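Novice: What follows is a single structure, and I will ask about it in a moment.
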Amino acid sequence: MMDEQSLVIGLSPELQERIRTRHVRSGRLFGALSQNELEPGEIRQLIQSGWLERPYQDEPVMIAPQITINWDRLRQQHRDHTLHAVSHRLPAGTPWAGTRQAILEELLASLWETREDELRTILHAWAYASMWDAEGEHAPSALESQETFFFYTRRMKDSAEEALTVATEAPEAHDEFWTLVNALVDLD
């Protein structure tokens, strides 16, 4: 595991600590940092790192680089990419119905759960805050489906987006997943 001190963020440790401890923790400005807490040089540092300046009259703030992740959509993308790979990798005419299809779906769900846990660990390590989206709270699985992460820098946000893209791809050719799928082919 990477030592936190070896991760070069591009912000001073003091500013990182201020962001982590002083960001807005409730309301529409969740994750923002009050400009009243910052020196002009720190504001410039944040702008260079991808933060946006919002000079609101009642309290000017800095808005962090952020992404909102719909975990259900990512799970579906991963499933689609992997099923596409399965269709190209296995012999033509392999029946994927009934029990075999159900087992394959369970394999896919298990593989995604592992990837999602890994992604959440990485994203929480890179982000200083996260929150569940309150916009969709009436949806059946809203709490589990959409989460917004707030990052110290745009570079960290961009890396997170790239990690999400890679994670939704089908498993590599040498992955043990393919051994399990091939066992489904040989059920007869």
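The values are calculated or read from the model by the stated rules, or taken from the named source; none is laboratory data. Since the model is a prediction, treat every value here as computed from it, not as a measurement. FYI the Cβ positions are ideal-geometry reconstructions off the backbone, even for glycines, and counts take in every protein chain you see. Protein only, heavy atoms only, side chains kept; ligands, DNA and RNA dropped before computing areas. Shrake-Rupley method; radii C 1.70, N 1.55, O 1.52, S 1.80 Å.
Novice: Helix by helix, which DSSP H runs in the chain go 30 Å or more along their axis at the Cα atoms and have an average Kyte-Doolittle hydropathy of -1.0 or more?
Specialist: Length and hydropathy pass: 98-126.
Novice: I've got another one for you. So what's the net charge close to residue 43: Lys and Arg +1, Asp and Glu -1, counting the other residues with Cβ under 15 Å from its Cβ?
Specialist: Overall, the nearby charge balance is -2.
Novice: Quick check on the chain: what does the Kirkwood estimate of hydrodynamic radius come out to from the alpha carbon pairs, in Å?
Specialist: So the Kirkwood estimate lands at 19.1 Å.
Novice: May I ask for the Rg/Rh ratio of the range 1-56, computed from Cα atoms with Rh as the Kirkwood radius, given to two decimals?
Specialist: Using only Cα positions, Rg/Rh for the range 1-56 is 0.99.
Novice: Next question, about the same structure. Taking R0 as 30 Å, what's the FRET efficiency between residue 175 and residue 121 from their Cβ-Cβ distance, rounded to 0.05?
Specialist: In this case the efficiency is close to 0.95.
Novice: Extending each Cα 7 Å along its Cβ direction at residue 167 and residue 22, get the distance between those two points in nm, one decimal.
Specialist: 3.1
Novice: How large, in percent, is the carbon and sulfur part of the accessible surface of the chain at a probe radius of 1.4 Å?
Specialist: 51
Novice: Spin-label point model (7 Å from Cα, Cβ direction): what's the residue 53 to residue 80 distance in nm?
Specialist: Rounded to a tenth, the inter-label distance reads 4.1 nm.
Novice: When ligands, DNA and RNA are left out and all protein chains stay put, how many square angstrom of accessible area per residue does the chain have with a 1.4 Å probe?
Specialist: 61
Novice: Placing unit charges on C-beta atoms (Lys and Arg positive, Asp and Glu negative, everything else neutral), compute the dipole magnitude of the chain about its Cα centre in debye, rounded to 20.
Specialist: In debye, rounded to 20, the chain gives about 440.
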